[in-house]
Amino acid sequence: MHRTPKYVQVYNQILLMIKGSQFAPGSKLPSEEKLTNDFNVSRVTLRTALSLLKEDGVISSVHGQGHFVNLSETQKSDQGIRSLGCPILDSLTVPIEQISQKDAYYFKNPSSVFTDKLFEVKDISYFTLNVWYQMDDELNIANIFSILLPETVEKFNLDLEDKQQIIQFLEKDIYHEVANSKLTISISSRKPDSFRRNFAEGEKLVLMTEDLYSTNGKILAQNKYYIAEGFFRTSLVRYQTNH
């Protein structure tokens, strides 16, 4: 008879502790040193168990920060990113209640070749809006970067000096006028320290680029959602089609 490998035993024990609410969603697991002592295993065995928990979406690991418990699939939206709405809210592994601070700001920019082509206009200035999401330990885990024209700001009667209005607009209000969107997911080539505010050091960033289209077929905005890799996990329900 083969014995269950130690790393599997540790995996199962940690999983039971999470399901038994000893570690709540969004909470940080004890240090690796404490876990190796608690389970009386080597660091290699523990890290193998943790890597499998991460692979299965049970926990997330952030370089230099530790390991965090993810939301379970039943605690997440059944829709995932399939329904129209701010994808960042359906792609974080931590409960929204764990977001201790949201900050927003904007810039007005002169026209550019890129934005003129994007919005099919000529020599029109544009706005960029930013929203940052921060954890309790002042760790930035996500950012929304939105590009839109002045006419869209006017259409929504958006007060750009009001941070809460910007957040409400990008998370909810703009989607009231969206007929459809194109969402592309990739790994960002930008370094975390190239942003106005820093993400965790050494953390890769997941990038979701979304073009939002109004009912007239024109682009309302292009939004880029940057999420620290350790805090990203989303789902998409897929269906069989007739060929």
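The values are calculated or read from the model by the stated rules, or taken from the named source; none is laboratory data. All values derive from a computational prediction rather than experimental measurement. Please note: Cβ atoms are built from the backbone with ideal geometry, for glycine as well, and neighbour counts cover all protein chains shown. Surface accessibility is based on the protein's heavy atoms, side chains included, excluding ligands, DNA and RNA. Shrake-Rupley method; radii C 1.70, N 1.55, O 1.52, S 1.80 Å.
Checking each residue in segment 1-54 for being under 27 Å from residue 96 (Cβ atoms) and open to solvent by 100 Å² or more (accessible area, probe 1.4 Å) picks out 16, 19, 22, 28.
Can you tell me which residue among 105, 11 is more than 26 Å from residue 210 (Cβ to Cβ) and modelled with pLDDT of 85 or more?
Sole residue among the options that is more than 26 Å from residue 210 (Cβ to Cβ) and modelled with pLDDT of 85 or more: 11.
Across segment 78-104, the qualifying residues are those that are in contact with a strand residue (DSSP E or B) (Cβ under 9 Å, 6 or more places away or on another chain), touching a residue at least 40 places away in the same chain (Cβ under 8 Å) and open to solvent by 40 Å² or more (accessible area, probe 1.4 Å), and the one among them that is nearest to residue 180 (Cα to Cα) is 84.
Yes/no per residue for (1) farther than 20 Å from residue 224 by Cβ; (2) in contact (Cβ under 8 Å) with a residue 60 or more places away in the chain; (3) not hydroxyl-bearing (Ser, Thr, Tyr):
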site: 116; (1), (2), (3): no, no, yes
site: 128; (1), (2), (3): no, no, no
site: 138; (1), (2), (3): yes, no, yes
site: 153; (1), (2), (3): no, no, yes
